[in-house]
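Student: For reference, the structure I am asking about is given below.
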Amino acid sequence: MLNRKRFTRKMLPDSIAIFYSNDLMPRNGDTFHPFRQNSDLFYLSGLDQEETVIVLFPDCVKEGFQEVAFIKRTDEYIKIWEGEKLTKEKVTEISGIKKVYWLDQMENILNEMILLAKRIYVNPNENDRLHSDVEGRNKREAKVLQQRYPFHKYHRSQPLLKKLAMIKSAYELELIQQSVDITGKAFKRVLEFVRPGVMEFEVEAEITHEFIRNRASGHAYEPIVASGANSCILHYNKNNQQCQEGDLLLMDFGAEYANYAADLSRTIPVSGQFAERQKKVYNAVLKVMKDAKEMLVPGTMLEDYHREVGKMMTSALLDLKLLSSTDVKNENDAYPAYKKYFMHGTSHHLGLDVHDLANRYDPIQAGMVFTCEPAIYIPAENIGIRLENDILVTDAGPIDMMQHIPIEAEEIEEMMNATVLNG
């Protein structure tokens, strides 16, 4: 309810905003992929069911129609085949929205509400990382509205939501921390399991096991379990190779709990002991991470932050003899020399989505949650090391939400070897 109030206060006068749930995505035959709610609808209502629509019209002159929800009509047949669905009373209990109708009643009710409004807020996905040919329901419905009501003024909900979603409430932080804690348990399970000869998919299975047994809904994103040369593939997710003695194992995974994400990266030695070169690179990445997260403070601009992290990484790569002073002197400002070994960004917003809704050009503010994930990839040496923790920005300084999850090289070695000795 609070999130809706924060959103409606930013709407222009005489405006109506419409939010649709995600589609049930066909898998093959007559089956569907598991449903995952549209993050914006969930953020504004807490409703986590397919075929749901919420409508916000704070200036509506018709009494009681300032907030309306539409849900799929349920019956005994659906109950037998699919289980319990939301009732109107349950929708009100969860969301606080008092006007609740069945979805098959929406056309006439929504038409009257729109005709009372001057402006319509629509909500197509505006995540600037998205590259997809699949058109979501919110975009499809926005096109239908524009055809049916061409003389209304149209506005985008996403810019308003970006401003709101960046700052996490205390309740949201509790849910993110729960996701983080479950993720930490999974990592500790992995440390007890990994040894030469195990398959990457077996490691993934151990992670999934720990997620589900701790009531996570599953993975917040496709997990990366990359051993040996695979550790240098940024978005490797085949997870089908055997972990060999002497190799590194780079893992990037995070639990999703109550639709909120965690995002962890760790790199461990398959044999339980880092080789000298591996440890040197590992500690270089760890130092950059420790220094970088201290810069996640209110007032910092992300572009400046990434530029400073680039300088840190350049220094680390010079120390590792991966770059020369000539390389740095002759570098292209648009693609600095360090990008040869560290080609992605260091931080992104985290929340309902692993790459959360945000305006990356706003200054960092208290209440934001960022990842911090420097890395060094050396394909010629089969060394790919990425380390990542989730950081809460506060006025008193950054708080590492993953500070309890092992990350020091010696601690990882000790935990892995203790398992071998006790096994």
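The values are calculated or read from the model by the stated rules, or taken from the named source; none is laboratory data. Here the structure is a predicted model, which is why all the values come from computation and not from measurement. Backbone-built Cβ (ideal geometry, glycine too); neighbour counts: all protein chains shown.
Student: Quick one: which of 407, 399, 391 is over 24 Å from residue 284 (Cβ atoms) and either of a type in the set (A, V, I, L, M) or out of contact with any strand residue (DSSP E or B) (no Cβ under 8 Å at 6 or more places or on another chain) (or both)? Break it down stepwise before answering.
Tutor: On the way: 407 fails: over 24 Å from residue 284 (Cβ atoms); 391 fails: over 24 Å from residue 284 (Cβ atoms).
The match here is 399.
Student: Working carefully through the options 144, 190, 194, find the one that is over 20 Å from the mean Cα position of the chain (by Cα), surrounded by fewer than 17 Cβ atoms within 10 Å (Cβ to Cβ) and β-branched (Val, Ile, Thr).
Tutor: Working: 190 fails: surrounded by fewer than 17 Cβ atoms within 10 Å (Cβ to Cβ); 194 fails: surrounded by fewer than 17 Cβ atoms within 10 Å (Cβ to Cβ).
Among 144, 190, 194, only 144 is over 20 Å from the mean Cα position of the chain (by Cα), surrounded by fewer than 17 Cβ atoms within 10 Å (Cβ to Cβ) and β-branched (Val, Ile, Thr).
Student: Also, I was wondering about something else. If you check 359, 382, which single one turns out to be at positive phi and among the polar types (S, T, N, Q)? Step through it out loud before you land on a result.
Tutor: Numbers: 359 fails: at positive phi.
Just a single option satisfies the conditions, and that option is 382.
Student: Answer yes or no as to whether residue 378 is modelled with pLDDT of 95 or more, closer than 30 Å to residue 217 by Cβ and not polar (S, T, N, Q).
Tutor: Details: modelled with pLDDT of 95 or more: yes; closer than 30 Å to residue 217 by Cβ: no; not polar (S, T, N, Q): yes.
Judged against the criteria, residue 378 is not a match.
To keep it simple, each residue is scored yes or no on (1) part of a loop (DSSP other than H, G, I, E, B); (2) in contact (Cβ under 8 Å) with a residue 60 or more places away in the chain; (3) within 28 Å of the chain's Cα centre (by Cα).
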residue: 43; (1), (2), (3): no, yes, yes
residue: 49; (1), (2), (3): yes, no, yes
residue: 54; (1), (2), (3): no, no, yes
residue: 65; (1), (2), (3): yes, no, no
residue: 70; (1), (2), (3): no, no, yes
residue: 79; (1), (2), (3): no, no, no
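Student: Only one of these is without any contact (Cβ under 8 Å) to a residue 12 or more places away in the chain and within 19 Å of the chain's Cα centre (by Cα): 364, 391, 399. Name it.
Tutor: Matching residue, one of 364, 391, 399: 399.
Student: Could you tell me which residue of segment 158-167 is farthest from residue 219 (Cα to Cα), considering only residues that are part of a helix (DSSP H, G or I) and of a type in the set (A, V, I, L, M)?
Tutor: Let us first name the residues in segment 158-167 that are part of a helix (DSSP H, G or I), namely 158-165.
Of the ones still in play, those that are also of a type in the set (A, V, I, L, M) are 160-161, 164-165.
Details: 160: 28, 161: 24, 164: 25, 165: 21 Å.
It comes out as 160.
Student: Identify all residues within segment 121-145 that are among the aliphatic types (A, V, I, L, M), touching a residue at least 40 places away in the same chain (Cβ under 8 Å) and under 19 Å from residue 358 (Cα atoms); write none if there are none.
Tutor: The one that is among the aliphatic types (A, V, I, L, M), touching a residue at least 40 places away in the same chain (Cβ under 8 Å) and under 19 Å from residue 358 (Cα atoms): 122.
Student: Here's a follow-up. Which residue is surrounded by the most Cβ atoms within 10 Å (Cβ to Cβ), if the candidates are limited to segment 328-367 and must be hydroxyl-bearing (Ser, Thr, Tyr), out of contact with any strand residue (DSSP E or B) (no Cβ under 8 Å at 6 or more places or on another chain) and farther than 23 Å from residue 127 by Cα?
Tutor: Once the filter is applied, the top-ranked residue is 338.
Student: What are the residue pairs meeting all of these: first residue in segment 168-188, first residue on the phi < 0 side of the Ramachandran plot and part of a helix (DSSP H, G or I), second residue of a type in the set (D, E, K, R) and surrounded by fewer than 21 Cβ atoms within 10 Å (Cβ to Cβ), Cβ atoms under 6 Å, and 6 or more apart or on different chains?
Tutor: Going by the 6 Å Cβ cut-off, the qualifying pairs are 185/210; 186/210.
Student: Take residue 297 and decide whether it is more than 20 Å from the chain's Cα centre (by Cα), closer than 13 Å to residue 372 by Cβ and buried (at least 22 other Cβ atoms within 10 Å of the Cβ). Give the derivation first.
Tutor: Details: more than 20 Å from the chain's Cα centre (by Cα): yes; closer than 13 Å to residue 372 by Cβ: yes; buried (at least 22 other Cβ atoms within 10 Å of the Cβ): no.
Here the answer is no, as residue 297 does not meet what is asked.
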